[in-house]
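Please read the structure below before turning to the comments.
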């Protein structure tokens, strides 16, 4: 009898696991339950659909359900929600529009993802108020903008989603107000990045309201105003992007343990406290490569990689899911901003480090070569060991240079080791000392 | 009495050493002898001067002689050639237009650079035939092109200089023929890069003559033809760029030892066989981070870094010069091509490895995001240890991603460690799996 690998959730982690398991062991019975209709889609691409740069929502789908079923021989069941996990009996209960049934498993992967946090705002259910975390929501925003031609948008939250949607709606000719309760946007990127991004957002005509908590929305038929502590501002459409929370209810009810971040706790192979139950993607923790501690970084690469590793592990080839450095990159109009590792001083102290940081600005190209851009680089290291802890970059080109820092973190380099990395130089591509190296050089001097 | 640090050669290595020594110890007597008039100039920028993208040769100078003298308090003597090193007496003999004198030293740095190789061609001294390795030569080419308006150019050698000059002369409206005696251009970048670059050069109208040795030039007053084995081709201007050789005569005559590459042998601090004599830059060896063996990589970053480290060492803070991964990047019209580490199979075998390689092509951005480009990535690893040995990339954008590979080499990562590096993803910047990660994933599978 062939083993059955059951997967709950059909996006990045789930479908990566399904594909890998079938590739490694074509005889295995691989069943994916997805409660919606979309699978293997790029949530990160949704703002560009709203912006109009991506024609069809379907373009965001990497592999279609038909391809999974026919080419990869995965038993993919959409519109099928798992409502219970019975770990004693090794089976899940599945509900569809038509029926409820039980499905036994040998190995189970919980890949239930995360959901947009819905803050306790008044008027959150008004027409024209959206969160953005799934494809149907992206579709609804696009439809609403097209149907109602809003003049003014309120975006609540200055994280990736907020900034990407500010760009998208601005491109649609809408006046955008961005509300952030903290002193800066892009909190996980640190102040050096935030200040550059904020200046740029303002240049692009975004009305930035920092340290401005929103208490809700108001309107008759649909949203008309944003409610602030000291008044109201007009808004014909509103997007709430204040973060995501892992979908853990199903797992918790089955006695699967959560970790310190409130996401599902896993070992290095993605196993939960039940050796036949794995968790991956936005619902699960991953190990931070800098601190060695559990972390919750709901991003696509972590999900894909962990899913793929688990697909390999269940077919008999134990494969670690790989750590996370919390690397992220975001486009804000003409800027790219990126971060990796531990930037925040408090978080570094909590992890037992004594953080020292520098911020430098340098050109992305040789000083005499045309069209270079200023890249602002921050690096953080531990004072005593010199160990690199994290970094950020922001500029009109070169944001992907964060990968150099991320690679250095993955391999546990010190700042002086990074300073000696032999990075590529030619006038059209970099100054002799790449801005990352310049930052490492300056930080190295500060550590002496 | 203050110590005297004498430096022979006023470009990257020499001036970096001078600046660093004065910064660390302002009282030190730092004397630089430069036989020409140019110091601290970007030789790599010369093609862009000829192309017309850089207005003045002076723009290529990072720090002027006046700045070195006045702001950095370096005793910089241009037009002063060191003709002898007396290691017994710790002094050098200096010749200027006006006088010959001796200068004692406590520490000496040989930073005499490299010179363009002059092959035994007939007609190499004809007017209109140039090598390009110093500023006066760049100036002469620019003058010649402006004065004579050549219609056809012959470039001999398909290395960086040849390809950059092909782009430069083509931009000046000249029909360019590029002659390479080997089967491919950019030999150190491997075939996968060469094929992409060759197609692109042809698209750009360059006449490529591969496996075509040149025997010389002919002409009455000035160059008129290139001489090949089986005929002649018209050429109104010719550039010979067949590589560089380290300037070691002065050091050799003083009994300073050369290494296996025929450049000056140094230890990890840049010291020669004489503990008071250092060597750095294009005349010296550096340690290859992959093989641990001496290597000769005459590139700017290696020179800058070694010079700076030696400036620090001589002032009492011993600082390793850092290894080289042989990282290089070159622009070929709209393409960027880059390499790092050990690509060549024979060289890998010589260093005791059993090389396995893969080449993959993948988009630089999410598949649905506009304006992505195909990036072709090659990675090479050792079969048994999985140790990463080298890599190349080529494409219309993203060539600087070689830095990820270079950083991995600097830290001695295996392919599976690289595969787990947490690189940055967002649709405008990368697919979920960056092309480097995709290549690592495929190579990792091949190693199993």
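The values are calculated or read from the model by the stated rules, or taken from the named source; none is laboratory data. All values derive from a computational prediction rather than experimental measurement. Ideal geometry is used to build each Cβ from the backbone, glycine not excepted, and the neighbour counts take in all protein chains shown.
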Checklist entry - Checking residue B:32 against (1) more than 19 Å from the chain's Cα centre (by Cα); (2) buried (at least 24 other Cβ atoms within 10 Å of the Cβ); (3) part of a loop (DSSP other than H, G, I, E, B), which test does it fail? => result (3)
Next on the checklist: Regarding region A:399-412, can at least one residue be identified that is surrounded by 24 or more Cβ atoms within 10 Å (Cβ to Cβ), within 30 Å of the chain's Cα centre (by Cα) and not in a helix (DSSP H, G or I)?
Outcome noted: no
Checklist entry - What is the number of the single condition among (1) within 8 Å of chain A (Cβ to nearest Cβ); (2) in a loop (DSSP other than H, G, I, E, B); (3) within 14 Å of the chain's Cα centre (by Cα); (4) on the phi < 0 side of the Ramachandran plot that residue B:326 does not meet? => result (4)
Item to check | Among (1) touching a residue at least 60 places away in the same chain (Cβ under 8 Å); (2) in contact with a helix residue (DSSP H, G or I) (Cβ under 8 Å, 6 or more places away or on another chain); (3) farther than 24 Å from residue A:47 by Cβ; (4) at the interface with another protein chain (Cβ under 8 Å from one of its Cβ atoms) - the single one residue B:399 does not satisfy | outcome: (2)
Next on the checklist: With part of a helix (DSSP H, G or I) and more than 17 Å from residue A:8 (Cβ to Cβ) as the only criterion, which of A:291, A:302, A:319, A:287 stands out?
Outcome noted: A:302
Checklist entry - Looking at B:212, B:261, B:313, which is the one that is outside any strand (DSSP E or B) and more than 30 Å from residue B:350 (Cβ to Cβ)? => result B:313
Checklist entry - Take the residues of region B:85-103 that are free of Cβ contacts under 8 Å to residues at least 12 places away in the same chain and surrounded by 12 or more Cβ atoms within 10 Å (Cβ to Cβ): which is nearest to residue B:33 (Cα to Cα)? => result B:93
Checklist entry - Given A:214, A:196, A:176, which one is touching a residue at least 12 places away in the same chain (Cβ under 8 Å) and touching a helix residue (DSSP H, G or I) at 6+ places or on another chain (Cβ under 9 Å)? => result A:176
Checklist entry - Restricting attention to region B:300-323, which residues are under 16 Å from the mean Cα position of the chain (by Cα) and either surrounded by fewer than 21 Cβ atoms within 10 Å (Cβ to Cβ) or within 9 Å of chain A (Cβ to nearest Cβ) (or both)? => result B:300, B:301, B:302, B:303, B:304, B:305, B:323
Next on the checklist: So in region B:376-396, with the set limited to residues that are touching a helix residue (DSSP H, G or I) at 6+ places or on another chain (Cβ under 7 Å) and in a loop (DSSP other than H, G, I, E, B), which one is surrounded by the most Cβ atoms within 10 Å (Cβ to Cβ)?
Outcome noted: B:386
Checklist entry - Is there a residue being surrounded by fewer than 24 Cβ atoms within 10 Å (Cβ to Cβ), more than 30 Å from residue B:161 (Cβ to Cβ) and more than 10 Å from chain B (Cβ to nearest Cβ) anywhere in region A:415-427? => result no
Checklist outcome for this item: Per the filter on region A:421-448, residues more than 20 Å from residue A:370 (Cα to Cα), at pLDDT 95 or above and in a loop (DSSP other than H, G, I, E, B) are A:421, A:422, A:423
Next on the checklist: Which count do you get for residues in region B:57-72 that are closer than 23 Å to residue B:28 by Cβ and out of contact with any strand residue (DSSP E or B) (no Cβ under 8 Å at 6 or more places or on another chain)?
Outcome noted: 7
Checklist entry - Is at least one residue of region B:192-199 surrounded by fewer than 20 Cβ atoms within 10 Å (Cβ to Cβ), part of a loop (DSSP other than H, G, I, E, B), at pLDDT 95 or above and not assigned by TED's automatic domain parsing to the domain that holds residue B:48? => result no
Item to check | Single residue of region A:1-27 satisfying the filter (surrounded by fewer than 24 Cβ atoms within 10 Å (Cβ to Cβ) and in contact with a strand residue (DSSP E or B) (Cβ under 6 Å, 6 or more places away or on another chain)) that is nearest to residue A:300 (Cα to Cα) | outcome: A:22
Checklist entry - When you go through A:14, A:52 one by one, which is the residue that is in contact (Cβ under 8 Å) with a residue 40 or more places away in the chain and more than 13 Å from chain B (Cβ to nearest Cβ)? => result A:14
Checklist entry - Just wondering, is there one or more residues in region B:351-359 that are within 24 Å of the chain's Cα centre (by Cα), not in a helix (DSSP H, G or I) and not assigned by TED's automatic domain parsing to the domain that holds residue B:167? => result yes
Checklist entry - From the set of residues in region A:228-257 that are surrounded by fewer than 19 Cβ atoms within 10 Å (Cβ to Cβ) and either touching a helix residue (DSSP H, G or I) at 6+ places or on another chain (Cβ under 7 Å) or part of a strand (DSSP E or B) (or both), which is modelled with the lowest pLDDT? => result A:231
Checklist entry - Quick one: which of B:166, B:153 is part of a strand (DSSP E or B), touching a residue at least 40 places away in the same chain (Cβ under 8 Å), more than 14 Å from chain A (Cβ to nearest Cβ) and under 22 Å from residue B:185 (Cβ atoms)? => result B:153
Checklist entry - Is it the case that region A:354-375 has a residue that's facing chain B (nearest Cβ under 8 Å), surrounded by fewer than 23 Cβ atoms within 10 Å (Cβ to Cβ) and closer than 26 Å to residue A:201 by Cα? => result yes
Checklist entry - How many residues, within region B:332-353, are buried (at least 21 other Cβ atoms within 10 Å of the Cβ) and either within 14 Å of chain A (Cβ to nearest Cβ) or touching a residue at least 60 places away in the same chain (Cβ under 8 Å) (or both)? => result 10
Checklist entry - For region B:108-136, what are the residues that are assigned to a helix (DSSP H, G or I) and within 17 Å of the chain's Cα centre (by Cα)? => result B:135
